[in-house]
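Peer 1: One structure, pasted below without further comment.
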Amino acid sequence: MLAALALCGVTGVLLPAQASLRPQAGSVQADTLRSKPAAEAAPKADQASAPATTSTQTEKKPVVKKPAARVGRRPVVTHRRTISPRVRRMRQAFVASASLRPMAQQLLQDRSPAAYAGVEAYARAHAKEDAGALAWLVVGYADVLDREYAKALDPLSRAKVHAGDLGDYVDYYLGTSYLQTGRTAEALASLTDFAKTHPDSLLVRDADVSYSGALLAEGQAAEAITLLVQDRTPVRSDVELALGRAYAATGQTAKAAEIFENIYYTMPASADADAAYADLRKLPAVPPPTAAQLKARADGLMSKKRYADAAEEYRSLINTISTDSNSTERSAIQLALADALHRDGKNRDAKLVLALVGGESGEINAHRLYLLGQVDFATSDNDAFYRTVDELRQAAPASPWLEQALISAANLHLVHHEYDQALDAFREAQQRFPNGTRASYTHWKAAWLTLRQGRNQDAEKAFEEQISVYPSGAETPAALYWRARLAEEDNQLLMARAFYQKLSDRYRNFYYAELGRQRLKHLPAAAADATTQYALLDRVPPLDNASKVADSEPPSDELHVQKAELLGNGGLVDFAVRELQAAAAADGGSWGPAEAAQLYDESGHYDQAIEVMKHSTPNYFALDIPDLPRKYWEALFPKAYWSDLKRSSAANGLDPYLVASLIRQESEFNPNAVSRANAVGLMQLLPKTGKTVARQEKMKRYTASQLYTPAVNLQLGTRYFRGMVDKFGGSFEYALAAYNAGSDRVEDWLSQGTYRDPQEFVESIPFTETREYVQAILRNASVYKQLYGTP
């Protein structure tokens with residue numbers, strides 16, 4: 001996976017994501033990162049629960065120590081060909097610069113005077129070595145991050161002397177710094193013939209953008225056009241912006257306008273969209289935007305969840321449509337506006353817009369009613385919501401909008417403990433839409449509620465039907481497990497064993513697979529393969545063998561691989577990952593994701609490493625440990641901050657693997673993670689919670705900023721979690737649910753009848769987020785134990 005890169009400034013200065021703290025994201029089945037909701041702002045039921053993303057933190061953070069470099073990270077592979085002098089030189093520089101890594105990481109993290117001084121001192125001490133050149137590059141790059149381009153010139157000029165194969169980075173940032181300080185002649189000199197000087201560089205297009213800026217400043221727009229038209233594929237907004245400006249400078253306003261419009265309307269979330277619009281407004285006689293352009297921009301903003309901006313664009317679009325034009329077209333835009341307002345939390349405004357949509361039928365009317373219901377749902381006007389669902393049922397009984405509305409209704413009934421009504425709504429949704437997008441889910445919920453009502457025979461049939469009709473659904477592991485549990489209760493032990501075995505074999509590291517293996521330990525051994533006696537189990541599709549990954553090593557003689565190693569020592573991890581990606585794409589081996597993850601791990605960016613591996617192997621939970629290389633698993637399940645984690649866990653009588661799993665779910669080991677609810681750090685503690693627990697721990701001079709320090713966060717977080725465990729009689733299932741949704745809700749859920757065991761309670765949690773949160777953490781703890789054994 002390519003590291004996230006941002007493009008900044010009119011000259012295309014390349015700034016990697018490491019310049020700021022990163023939000024997380026992920027998918028539910030791939031172990032979604034969930035930021036901890038406070039009890040005051042707990043998640044809603046299934047239809048409304050969404051993972052809270054970690055927001056970018058802007059205030060100054062305490063220094064977080066990063067792991068030291070590990071020289072010789074991998075065995076040297078030399079079987080391909082003789083190592084070239086260039087590669088040998090970089091390898092030597094990599095070994096020599098190992099001690100630079102922690103200092104460089106510190107500088108790029110906080111860019112304090114002390115950090116600058118430390119790396120500069122290293123650079124001066126190694127002034128005649130490649131390691132010194134790397135240090136000067138780091139100092140110059142840090143100045144660029146601070147927009148101190150004039151200061152960057154000196155360290156980058158010093159780096160140039162011994163830059164070697166890092167010369168492309170030095171020349172690029174030196175040239176852009178010259179350009180930003182108005183020294184265009186020097187910029188041109190640094191960037192002229194960049195591609196010829198650095199034919200292997202990944203920065204050629206970036207350099208062309210900066211070079212074109214210098215050409216424009218020198219009045220050579222035609223030369224800039226000639227240069228940039230060669231760089232248009234694949235499309236990049238910074239290249240397009242530079243080309244548009246070059247066309248404008250030569251008087252080709254029509255071409256310039258076309259490019260600026262394309263950036264602004266079809267790439268609305270790009271870093272260059274606003275600049276393109278500003279340049280567009282400077283052009284003479286530009287016609288107003290078309291309806292198609294406004295819609296494309298609004299839709300693009302919606303897709304990026306920029307709902308307020310999308311609403312503004314939809315309003316502009318509505319104003320371009322005359323009242324006597326196609327009413328269906330106008331209504332569709334009004335619905336899109338209402339949707340954007342609703343998602344932005346402006347439900348009152350959304351309802352006013354929906355009131356303007358009238359006289360329509362078919363899907364337009366169905367969509368209107370669905371959105372009206374969602375607004376009622378969000379504002380807790382439950383009676384109005386149910387009336388709207390009834391109206392939708394009558395007006396559009398076959399519309400997919402009704403399927404979604406019925407699911408919302410069912411979940412609302414669940415929240416209010418109206419189980420009969422919830423069962424009816426889920427069953428209605430499944431029967432009306434047996435092939436709908438949520439059919440497997442609605443069938444499962446109806447089957448589960450049947451079990452909870454104590455109708456075991458009906459539940460048995462429903463679970464078997466779940467496996468037969470929706471074998472590829474996400475609910476199949478649960479259906480296998482609970483059908484086996486009912487078989488146990490009926491003393492059908494051979495059947496129970498067969499279902500547990502299928503579950504374990506097919507869904508190896510899923511939550512229910514581990515539970516199934518635990519149940520198998522207490523069943524008598526089968527005389528023969530029990531799975532062959534149940535044809536229903538053949539409905540479960542086998543795992544795609546393509547998910548398995550063979551181990552491989554990167555070619556040690558590959559230029560970009562060694563360049564990545566060297567850049568990693570300079571803390572330039574995102575650049576290093578970009579180099580690795582280029583090498584992996586050319587080599588075709590499976591080593592790329594693991595090597596990228598290892599670079600992130602070594603710089604303390606465990607969250608980045610986990611995300612790289614999740615995207616490269618999304619079905620990893622279905623695999624057995626031997627089916628993936630060991631380094632894949634270790635990147636997915638790191639033992640980060642292990643000494644402090646183990647110490648704090650032991651002090652509170654907690655399994656360190658369970659704590660690690662909780663952290664992986666909460667923050668993916670990002671000590672600077674901050675949720676929308678302002679929960680902070682590794683274990684996502686609210687500041688007020690941290691203060692309360694710090695008082696219990698008798699911590700002196702405690703401040704909220706200490707929650708960003710891993711050791712402190714772990715000390716307080718494990719103490720807080722221990723309190724949850726004790727509150728709920730030692731049940732980790734209940735404690736984890738309380739950690740996510742609040743103890744009051746867990747007490748309420750526990751009061752709703754009896755449960756066979758905590759596992760039945762977990763499946764009955766009405767909030768999707770909390771249910772999957774608990775299951776994921778327990779599942780993760782099992783994987784940790786398989787990987788590392790006794791803590």
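The values are calculated or read from the model by the stated rules, or taken from the named source; none is laboratory data. All values derive from a computational prediction rather than experimental measurement. We place every Cβ from the backbone using ideal geometry, glycine too, and count neighbours over all the protein chains shown. For the accessible areas, the whole protein counts, side chains as well, though only heavy atoms, and no ligand, DNA or RNA atoms are used. Shrake-Rupley method; radii C 1.70, N 1.55, O 1.52, S 1.80 Å.
Residues are listed down the side, and each one gets a yes or a no for (1) open to solvent by less than 10 Å² (accessible area, probe 1.4 Å); (2) β-branched (Val, Ile, Thr); (3) under 13 Å from LEU134 (Cβ atoms):
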position: GLY568; (1), (2), (3): yes, no, yes
position: LEU572; (1), (2), (3): yes, no, yes
position: ALA582; (1), (2), (3): no, no, no
position: ALA586; (1), (2), (3): no, no, no
position: GLY589; (1), (2), (3): no, no, no
position: GLY592; (1), (2), (3): yes, no, no
position: GLU595; (1), (2), (3): yes, no, no
position: LEU599; (1), (2), (3): yes, no, no
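Peer 1: Name, by its number, the condition in (1) farther than 27 Å from TYR734 by Cβ; (2) open to solvent by 20 Å² or more (accessible area, probe 1.4 Å); (3) hydroxyl-bearing (Ser, Thr, Tyr) that does not hold for TYR641.
Peer 2: The number of the failed condition is (1).
Peer 1: From the list ALA222, ALA123, ALA142, ALA150, exactly one residue is over 26 Å from GLN109 (Cβ atoms) and modelled with pLDDT of 95 or more. Which is it?
Peer 2: That would be ALA222, the only listed residue that is over 26 Å from GLN109 (Cβ atoms) and modelled with pLDDT of 95 or more.
Peer 1: Next up: If I filter segment 162-169 for residues that are within 24 Å of ALA269 (Cα to Cα) and assigned to a helix (DSSP H, G or I), do I get at least one hit?
Peer 2: No, segment 162-169 contains no residue that is within 24 Å of ALA269 (Cα to Cα) and assigned to a helix (DSSP H, G or I).
Peer 1: Just need a number here: residues in segment 155-192 that are in contact (Cβ under 8 Å) with a residue 40 or more places away in the chain and open to solvent by 50 Å² or more (accessible area, probe 1.4 Å).
Peer 2: Qualifying residue count, segment 155-192: 1.
Peer 1: Moving on. Cβ-Cβ distance below 7 Å, separation of 6 or more or different chains: which pairs start in segment 480-499 with a residue that is within 20 Å of TYR470 (Cα to Cα) and end on one that is β-branched (Val, Ile, Thr) and open to solvent by 10 Å² or more (accessible area, probe 1.4 Å)?
Peer 2: Here the result reads ALA498/THR531, each pair linking segment 480-499 to a residue that is β-branched (Val, Ile, Thr) and open to solvent by 10 Å² or more (accessible area, probe 1.4 Å).
Peer 1: Ok, one more. Only residues in segment 698-709 that are β-branched (Val, Ile, Thr) count as the first member; pair them with residues that are modelled with pLDDT under 95, Cβ under 7 angstrom, at least 6 apart or cross-chain, and list the lot.
Peer 2: Taking only residues 6 or more apart or on different chains, the pairs are THR709/PRO62.
Peer 1: From the list ALA96, ALA123, ALA152, which residue is open to solvent by 10 Å² or more (accessible area, probe 1.4 Å) and of a type in the set (A, V, I, L, M)?
Peer 2: Going through ALA96, ALA123, ALA152 in turn, just one is open to solvent by 10 Å² or more (accessible area, probe 1.4 Å) and of a type in the set (A, V, I, L, M): ALA96.
Peer 1: Can I ask one more? Does any residue in segment 364-392 that is in contact (Cβ under 8 Å) with a residue 60 or more places away in the chain come within less than 6 Å, Cβ to Cβ, of a residue that is hydroxyl-bearing (Ser, Thr, Tyr) and buried (at least 16 other Cβ atoms within 10 Å of the Cβ) six or more places away or on a different chain, and which pairs are these?
Peer 2: As it stands, the answer is PHE377/SER408, since those pairs meet every condition given.
Peer 1: Before we move on, is GLY753 crowded, with 23+ Cβ neighbours inside 10 Å and touching a residue at least 12 places away in the same chain (Cβ under 8 Å)?
Peer 2: no
Peer 1: Still on this structure: Name every residue in segment 169-222 that is closer than 23 Å to VAL139 by Cβ and among the hydrophobic types (A, V, I, L, M, F, W, C), in order of residue number.
Peer 2: VAL170, LEU174, LEU179, ALA187, ALA189, LEU191, PHE194, LEU202, LEU203, ALA207 - these are the residues of segment 169-222 that are closer than 23 Å to VAL139 by Cβ and among the hydrophobic types (A, V, I, L, M, F, W, C).
Peer 1: How many residues are among the hydrophobic types (A, V, I, L, M, F, W, C) and not in a helix (DSSP H, G or I) when one looks only at segment 743-785?
Peer 2: Number of matching residues: 2.
Peer 1: Looking at segment 399-417, I want the residues that are in contact (Cβ under 8 Å) with a residue 60 or more places away in the chain and within 30 Å of LEU750 (Cβ to Cβ) and have a partner that is surrounded by fewer than 24 Cβ atoms within 10 Å (Cβ to Cβ) and of a type in the set (Asp, Glu) with Cβ atoms under 7 Å, at least 6 apart or on another chain. Which pairs are those?
Peer 2: ASN411/ASP46
Peer 1: Then there is this: Quick check: is even one residue across segment 108-118 closer than 21 Å to GLU579 by Cβ, assigned to a helix (DSSP H, G or I) and either modelled with pLDDT of 95 or more or aromatic (Phe, Trp, Tyr) (or both)?
Peer 2: Yes, the conditions are met somewhere in segment 108-118.
Peer 1: List pairs: first in segment 321-348 and at pLDDT below 85 and of a type in the set (A, V, I, L, M, F, W, C), second assigned to a loop (DSSP other than H, G, I, E, B) and open to solvent by 60 Å² or more (accessible area, probe 1.4 Å), Cβ under 6 Å, 6+ apart or cross-chain?
Peer 2: none
Peer 1: Only residues that are farther than 25 Å from ASP458 by Cα and either more than 33 Å from the chain's Cα centre (by Cα) or surrounded by 24 or more Cβ atoms within 10 Å (Cβ to Cβ) (or both): list them for segment 403-444, please.
Peer 2: ALA405
Peer 1: Can you name every residue in segment 193-211 that is open to solvent by less than 10 Å² (accessible area, probe 1.4 Å) and touching a residue at least 60 places away in the same chain (Cβ under 8 Å)?
Peer 2: LEU203, ASP206, VAL209, SER210
Peer 1: Say whether the condition of being under 30 Å from the mean Cα position of the chain (by Cα) and either in a helix (DSSP H, G or I) or buried (at least 20 other Cβ atoms within 10 Å of the Cβ) (or both) is met by at least one residue in segment 518-538.
Peer 2: no
Peer 1: Enumerate the helices (runs of 4 or more DSSP H) found wholly within segment 660-742, keeping only those where 3 or more residues are closer than 27 Å to GLU611 by Cα.
Peer 2: 710-727, 732-741
Peer 1: Assuming THR450 fulfils every condition listed in (1) polar (S, T, N, Q); (2) surrounded by fewer than 20 Cβ atoms within 10 Å (Cβ to Cβ); (3) within 29 Å of GLU489 (Cα to Cα) apart from one, which condition is it?
Peer 2: Every condition holds for THR450 apart from (2).
Peer 1: Can you spot a residue in segment 636-657 that is over 30 Å from ALA694 (Cα atoms) and out of contact with any Cys (no Cβ under 8 Å at 6 or more places or on another chain)?
Peer 2: Taking every residue of segment 636-657 in turn, at least one turns out to be over 30 Å from ALA694 (Cα atoms) and out of contact with any Cys (no Cβ under 8 Å at 6 or more places or on another chain).
Peer 1: Let me ask something else. Would you check which residues across segment 126-147 are small (Gly, Ala, Ser) and open to solvent by 40 Å² or more (accessible area, probe 1.4 Å) and list them?
Peer 2: Within segment 126-147, ALA127 is the sole residue that qualifies.
Peer 1: Right, another one. Residues ALA133, ALA98: which one is aliphatic (A, V, I, L, M) and in a helix (DSSP H, G or I)?
Peer 2: ALA133
Peer 1: Something else about it: Out of ALA396, ALA378, report the one residue that is buried (at least 16 other Cβ atoms within 10 Å of the Cβ) and over 34 Å from the mean Cα position of the chain (by Cα).
Peer 2: Exactly one residue qualifies, and that residue is ALA396.
Peer 1: Another question, if that's okay. Please work out if THR388 is more than 32 Å from the chain's Cα centre (by Cα), more than 23 Å from ARG745 (Cα to Cα) and of a type in the set (Ser, Thr, Tyr).
Peer 2: yes
Peer 1: If ALA498 satisfies every condition in (1) more than 21 Å from GLU763 (Cα to Cα); (2) surrounded by fewer than 19 Cβ atoms within 10 Å (Cβ to Cβ) but one, which is the exception?
Peer 2: It is condition (2) that ALA498 fails.
Peer 1: Just give me the residues in segment 657-698 being open to solvent by 10 Å² or more (accessible area, probe 1.4 Å) and within 13 Å of ARG719 (Cα to Cα), in sequence order.
Peer 2: THR689, LYS691, THR692, ARG695, GLN696, GLU697, LYS698
Peer 1: Please count how many residues of segment 176-225 are in contact with a helix residue (DSSP H, G or I) (Cβ under 7 Å, 6 or more places away or on another chain), under 27 Å from ALA564 (Cβ atoms) and of a type in the set (D, E, K, R).
Peer 2: 4
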